[in-house]
Amino acid sequence: MSTLTPPGGLSRSAKHFLRHYGEMVLAMFLGMAVLGFPVDWFMGRLGADSDPFMFLEMATTMTVPMVGWMLYRGHGWRANAEMSASMYVPTFAVIAVLTTGLLTDIGVLMAAEHVAMLLAMAGVMLLRPHEYIHHHGQAQVAA
């Protein structure tokens, strides 16, 4: 048995890390559910109802509540900017693929976008584990 893993399973740090990841994913899904319809309606009224706008809308309705939750949990702007990039970089890549016509199946592109987002989020977290394995409170703001 590893000295890093307690007899009961995952270490406290690993549990914190996984809980934080789960909280962010939950915030994203709640954001899509709560913000999706009003943003859809508004974008439709503007005449911005194309597929690229749909991908941007989806990334935004997921990113805004995730950033809000991270700020509430005490993460600073740098961590929020990195996590936001993990959402928008895959979105821009999917829009580029769609725009060039290399792949036009919206369902496949949407699945690829979401998988890439989730992997990018995990990657950002793994690059700065100290940011995500410790408890952050409302009063503490990380740089």
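Read-outs throughout are calculated quantities, based only on the coordinates presented, and are distinct from any laboratory measurement. Since the model is a prediction, treat every value here as computed from it, not as a measurement. All Cβ positions, even for glycine, are placed from backbone atoms using ideal geometry, and neighbour counts span all protein chains on display.
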Spacing of the two label points (7 Å from each Cα toward its C-beta) at Ala111 and Leu30, in nm: 2.9
Charge-dipole axis of the chain as Lys and Arg at +1 and Asp and Glu at -1 on Cβ define it, positive-most pick from Ala59, Ala85, His75: His75
Debye, to nearest 20: dipole size of the chain, +1 on Lys, Arg Cβ, -1 on Asp, Glu Cβ: 680
Relative contact order (percent, whole number), the chain, Cα cutoff 8 Å, 6+ residue spacing: 31
Residues of segment 98-117 with amide N under 14 Å of the 7 Å Cα→Cβ point at Val89: 116-117
Descending semi-axes in whole angstrom, ellipsoid equivalent of the chain, from the Cα gyration tensor: 32, 18, 12
Added length on full extension, which subtracts the Cα-Cα distance from 0.36 nm per residue, Ala48 to Leu10: 9.0 nm
